[in-house]
Amino acid sequence: MPFTVTTTAIPDVLILEPKVFGDARGFFFESFNARDFTRATGVDVQFVQDNHSKSAKGVLRGLHYQIQRAQGKLVRVVQGSVFDVVVDLRKSSPTFGRWVGVELSADNYRQLWIPPGFAHGFVVLSESAEFLYKTTDYWYPEHERTLLWNDAALGIDWPQGVVPALTAKDAAGVPLASADCYR
């Protein structure tokens with residue numbers, strides 16, 4: 001297998017760590033292989049959109065999700081580092097309302113598989129970061145929702161010393177108690 005898979009505290013959210021082949025010239029790794037992804041994770045998905053963002057230190061994006069046309073996401077960082085967070089919004093799940101946070105960086109090559117049914121966001125830890133992600137459905141702005149990033153009911157342990165820079169949309173996110181959730 002060209003990568004290892006680690007289960008998080010929310011079993012459906014997976015950390016993928018590729019085998020990196022490097023020498024004095026640089027490195028090579030497969031960032032995605034559909035056949036190997038399905039074999040290793042048991043998840044058979046078709047990605048329809050790739051997104052790429054660049055953000056400055058302290059930028060916090062999220063916590064975003066689409067209430068209809070829910071997106072699965074495979075995320076990674078190609079420059080810099082972020083603290084990536086997912087929140088389970090599936091009411092039928094034993095981990096409903098729980099969150100998982102993982103540091104993703106260009107140095108650790110980690111990827112995070114986030115299945116449909118989760119809110120997702122990150123805060124930039126380095127001077128800047130470039131963030132790539134594949135999605136299993138297209139972006140539909142009419143279905144997009146924002147969960148409040150600092151909702152006390154979630155208790156997300158964001159990194160200390162980072163003053164988040166937010167868009168108006170992210171600052172106006174709703175708390176879990178009044179959020180649209182999945183069944």
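The values are calculated or read from the model by the stated rules, or taken from the named source; none is laboratory data. Keep in mind that this is a model prediction, so the values were computed, not measured. Here Cβ is always computed from backbone atoms with ideal geometry, including for glycine, and neighbour counts include all displayed protein chains.
Can you name the residue in segment 24-53 that is assigned to a loop (DSSP other than H, G, I, E, B) and of a type in the set (A, V, I, L, M) and is also farthest from the chain's Cα centre (by Cα) among such residues?
ALA24
When you go through ALA70, ALA119, ALA56 one by one, which is the residue that is within 30 Å of GLY22 (Cβ to Cβ) and either of a type in the set (A, V, I, L, M, F, W, C) or over 14 Å from the mean Cα position of the chain (by Cα) (or both)?
ALA56
Just one of the listed residues (PRO116, PRO94) is modelled with pLDDT of 95 or more, under 18 Å from PHE37 (Cβ atoms) and either in contact with an Asp or Glu (Cβ under 7 Å, 6 or more places away or on another chain) or not charged (D, E, K, R) (or both), and it is PRO116. Flag: ALA153 matches the condition of being more than 12 Å from LEU63 (Cα to Cα), touching a helix residue (DSSP H, G or I) at 6+ places or on another chain (Cβ under 6 Å), of a type outside the set (Ser, Thr, Tyr) and modelled with pLDDT of 95 or more.
Yes/no per residue for (1) out of contact with any Pro (no Cβ under 7 Å at 6 or more places or on another chain); (2) surrounded by 17 or more Cβ atoms within 10 Å (Cβ to Cβ); (3) free of Cβ contacts under 8 Å to residues at least 40 places away in the same chain:
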| position | (1), (2), (3) |
| --- | --- |
| ALA34 | yes, no, yes |
| ASP44 | yes, no, yes |
| GLN49 | yes, no, no |
| LYS54 | yes, no, no |
| GLY58 | no, no, no |
| LEU74 | yes, yes, no |
| PHE83 | no, yes, no |
| VAL86 | yes, yes, no |
| ARG90 | yes, yes, no |
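Just one residue in the set SER55, SER31 is touching a Lys or Arg at 6+ places or on another chain (Cβ under 9 Å) and either of a type outside the set (S, T, N, Q) or at pLDDT 95 or above (or both); that residue is SER55. Inside segment 134-183, residues that are assigned to a loop (DSSP other than H, G, I, E, B), among the hydrophobic types (A, V, I, L, M, F, W, C) and in contact (Cβ under 8 Å) with a residue 24 or more places away in the chain make up a count of 13. Could you go through segment 163-182 and let me know if any residue there is under 16 Å from VAL102 (Cβ atoms), aliphatic (A, V, I, L, M) and at pLDDT 95 or above. Among the residues of segment 163-182, not one is under 16 Å from VAL102 (Cβ atoms), aliphatic (A, V, I, L, M) and at pLDDT 95 or above, which makes the answer no.
Among the residues of this structure, ALA129 counts as one that is aliphatic (A, V, I, L, M), assigned to a strand (DSSP E or B) and either surrounded by 15 or more Cβ atoms within 10 Å (Cβ to Cβ) or touching a helix residue (DSSP H, G or I) at 6+ places or on another chain (Cβ under 7 Å) (or both). Scanning segment 166-183 for residues that are out of contact with any Lys or Arg (no Cβ under 6 Å at 6 or more places or on another chain) and within 18 Å of HIS120 (Cβ to Cβ) yields LEU166, THR167, LYS169, ASP170, ALA171, ALA172, GLY173, VAL174, PRO175, LEU176, ALA179.
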